[in-house]
Amino acid sequence: MPLNRKEQNTGAFISFWAITLLLIYLSLGILGFKDEITLLAIMGIDFLFAICLYILVLRKYRKEHNAFMIDYLNIGTQRYILAILMVLYGADKILGNFFDYQLFALDSKLSDVSEFQLTWFYYGKNHWQELFTGIMEFVPGLLLLSRRTYYVAAMILLPVTAQVFLLNLFFKIGGITFPAATILLACNLYIIYSQKEKLILFFKSLDFNIIQSLTGKTKTVVSILKGIGFFLVFAVLFIKIKPTLFKSPYQKIYQGLVGVYTLKEMKKNGAEYRPVGDSLYYKDLYIEKQDRWNILRRFDGKTEAFVLKINTHNDSIGLYINKGGIGDGPANIDPATALKGIYKLEGDYLTIKAVQLKDTLQLIYEKQQRLKAKKWFW
């Protein structure tokens, strides 16, 4: 028996938000966070497209009194989108690219560290825990793609999606992750709820097949959508694995620079200079594994987010203050105080010969061995 009208409307509402979430993720994957206005416009278009699709499809099958098809589309939409995002998040954790705790946070007082940074440090501290978490997301994500195994996958994923929701709710992870966690938990719960009458009979008694067979154009459209779902899952998997297996020259150079550097010697316009309490020059550089978290500390104790640009052909380097702050927000580069020049990394010493505000600088930074970025198996 199909679900009742109110339950189906709830399912369609969840499906609408799930489609919106997927479209936003695809938009972010293509555009990144570089152009905030364009990104917001694309998100608006994604929202309008999803709501129009939601209304048109629901009205069509309501008029045809085809309740079975509404159930079929609700569950199909939610399990494929849940699969795509679980594979995405699971692959990141398996590869060790998700809980990258920040070097800057490790060098701060515990009282100064944010809830987000504490959460990321705790979950990223033990590699085996992160690997297991990734497997618990990745494997059920793949199982969601099959009609024979999707229900078992949904049961396995329930404590996972519930935990992610609670982490985002209580530890202020921020960004798009909280609404994403809410939508994914809703999808997970609805998939399980869809078999509420048969749940007590355990998995063998569940009917995984729709009662009516698909024919004609409907069958063709559904097959195409299934193909797109499979393609997106494996495309996400390839995108996540590719940087680990095939690093670009820039990635190799950048990863070699990751670490905490403290200024040891400085020359300004050819003469030795000691910038005690200076509000312009950089005492510490925290070059993080994910460059969106890069932070520097000035000699007056104040900190700023910065963008690091490296030219792989001529060893040129640029440090640009990011007024947009760290994290997922769009970069707001301050070109006025940019430090631009060439660099050389020898052992634990980073030498930068550059120009900043028309002053010629020679800076020698020493890498702090007591603070090291998280390592992984691979």
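Below, the figures for the structure above:
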| item | result |
| --- | --- |
| Flag if LEU350 is under 14 Å from LEU280 (Cα atoms) and either in contact (Cβ under 8 Å) with a residue 12 or more places away in the chain or not charged (D, E, K, R) (or both) | no |
| Helices (runs of 4 or more DSSP H) (entirely within the stretch 18-119) containing at least 2 residues that are without any contact (Cβ under 8 Å) to a residue 60 or more places away in the chain | 36-63, 67-94 |
| Strands (runs of 3 or more DSSP E) wholly inside the stretch 240-307 that include at least 3 residues being open to solvent by less than 10 Å² (accessible area, probe 1.4 Å) | 259-268, 282-287 |
| Counted residues, the stretch 325-344 - those being surrounded by fewer than 18 Cβ atoms within 10 Å (Cβ to Cβ), without any contact (Cβ under 8 Å) to a residue 40 or more places away in the chain and part of a loop (DSSP other than H, G, I, E, B) | 2 |
| THR337 being over 30 Å from the mean Cα position of the chain (by Cα) and modelled with pLDDT of 95 or more | no |
| Residue that is most open to solvent (accessible area, probe 1.4 Å), among those in the stretch 345-372 that are among the polar types (S, T, N, Q) and in a strand (DSSP E or B) | THR360 |
| Candidate set from the stretch 237-291 (those that are acidic (Asp, Glu) and free of Cβ contacts under 8 Å to residues at least 60 places away in the same chain); member that is farthest from GLY318 (Cα to Cα) | GLU272 |
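For (1) open to solvent by 30 Å² or more (accessible area, probe 1.4 Å); (2) within 22 Å of the chain's Cα centre (by Cα), each residue gets a yes or a no:
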position: LEU40; (1), (2): yes, yes
position: ARG59; (1), (2): yes, no
position: LYS63; (1), (2): yes, no
position: ILE70; (1), (2): no, no
position: ARG79; (1), (2): no, yes
position: ALA91; (1), (2): no, yes
position: LEU95; (1), (2): no, yes
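The values are calculated or read from the model by the stated rules, or taken from the named source; none is laboratory data. These numbers were taken from a predicted model, which means no experiment stands behind them. All Cβ positions, even for glycine, are placed from backbone atoms using ideal geometry, and neighbour counts span all protein chains on display. Only protein heavy atoms, including side chains, enter the accessible area calculation; ligands, DNA and RNA are left aside. Shrake-Rupley method; radii C 1.70, N 1.55, O 1.52, S 1.80 Å.
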